[in-house]
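Q: Have a look at this one.
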Amino acid sequence: MFSFFKKKTSTPDAASAAPATHEGKSAAPVEAASPPPATLAAVPAPIEEPAAKQTWISRLKAGLSKTSANLSVLFVGAKIDDELYEELEAALLMSDAGIDATQYLLDALRKKVKEDKLLDAAAVKAALKTLLIELLTPLQRPFELGRHQPLVMMISGVNGAGKTTTIGKLAKHMQANGQSVLLAAGDTFRAAAREQLMVWGQRNNVTVISQESGDPAAVSYDAVQSAKARGINVVMVDTAGRLPTQLHLMEELKKVKRVIGKGLEGAPHETLLVIDGNTGQNALAQVKAFDDALQLTGLVITKLDGTAKGGVLAAIARVRPVPVYFIGIGEKIEDLQPFNALDFVDALLG
């Protein structure tokens, strides 16, 4: 497996804390002595395994093959004329790039073709690839571990986006990077969500703070207090899936975030939104709504493994450039990997 996280600092060893699953009423908050300040030290990222990376890129290309085919065929023996730009416009819109990003790319491409005096279709395709990479690169940002003790993450998303599964995958990867993890079952409305998170907790041998049909803010608060007392490195708070149009539920999310901040000043340190890559332009609407409510720090794009078109990342980059930490192409642990703009554009354009 290739590089997944960037470590910013060493953290206290929490291996002595015995994993457990807490059901029923959450334990009362436990105050712990403040740990000594950590010394910031950049840790070199692991060397990427070429075979693993090639397998990942191949699967990403397969997931985005529909868009790749629609875009690539335009440049086969094509003339550089208005018809090409019209066909390209239609293909970008069909890829879910949206009106703003599509217009931006076409305007920039026309300008580049004129300035660089590009005469053949292959050169125009290469120019489009360069523009896409430049557009998406600002979304590429490494997820840094060890910035806080504990690092508190609040994770949201609509039902069916793969939120709870993503939490389980992230927990496994964090453990592989030497981090102790605690999960908070903040989705108290849906029993299946709590049970699903507990399964991931058992599978990864990590603690799950849970409360049957309780207050999600209280569960989140208790989880933060428990992590502080045990010296846990990372807390991930699952939240109930909801549509951004359900304003009363969005208000509850704001409450959960406020209560987490009362449990630990400055928390949550990461507020992530998990998005189903197959939802097209609706994904952009979700980003806008959740960002307005929670001030998102990052995105996780899942399910780029079938009918996903992929162009929505261009729309996000233009309209609401929230960093994309991870993208996922399947159900396995290794199917969730850091977003890399160059690899993504290679898969998108073929």
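Readers should treat all values here as calculations from the given coordinates under stated rules, not as data from a laboratory. The shown structure was predicted, so the numbers you read here are calculated from the model rather than taken from an experiment. All Cβ positions, even for glycine, are placed from backbone atoms using ideal geometry, and neighbour counts span all protein chains on display.
Q: Counting other C-beta atoms within 10 Å, which of Arg230, Arg110, Arg194 has the fewest, and how do the rest follow?
A: Working: Arg230 18, Arg110 14, Arg194 24.
Starting with the residue having the fewest Cβ neighbours, the order is Arg110, Arg230, Arg194.
Q: So how compact is the stretch 140-212: Cα radius of gyration and Dmax in angstrom?
A: For the stretch 140-212, the Cα-based Rg and Dmax read 12.4, 38 Å.
Q: Then there's this: Lys and Arg at +1, Asp and Glu at -1: add these up for the other residues within a Cβ distance under 14 Å of Val259 and post the number.
A: Net charge around Val259: 0.
Q: List the residues whose amide H sits under 5 Å from the amide H of Val274, counting only those 5 or more places along or on another chain, with H placed 1.01 Å from N in the peptide plane.
A: Amide H neighbours of Val274: Ser156, Gly157, Val300.
Q: The stretch 199-350: Rg/Rh from Cα coordinates, Kirkwood Rh?
A: 0.99
Q: Excluding Val206 itself, calculate the net charge of residues whose Cβ lies under 12 Å from the Cβ of Val206, where each Lys or Arg counts +1 and each Asp or Glu counts -1. List each step's numbers first, then the result.
A: On the way: positive: Lys172, Arg203, Arg230; negative: none.
The answer is +3.
Q: I've got another one for you. HN-Hα J couplings of the stretch 294-303 from phi, Karplus 6.51/-1.76/1.60, θ = phi - 60°, integer Hz, Gly and Pro as x?
A: 10, 6, 4, 9, x, 10, 10, 9, 10, 6
Q: Another question, then. Could you derive backbone 3J(HN,Hα) for the stretch 265-278 from the dihedral phi with the Karplus parameters 6.51, -1.76 and 1.60 (θ = phi - 60°), listing whole Hz in sequence and x where the residue is Gly or Pro?
A: Here the 3J(HN,Hα) series is 4, x, 8, x, 7, 10, 10, 9, 10, 9, 10, 6, x, 8 Hz.
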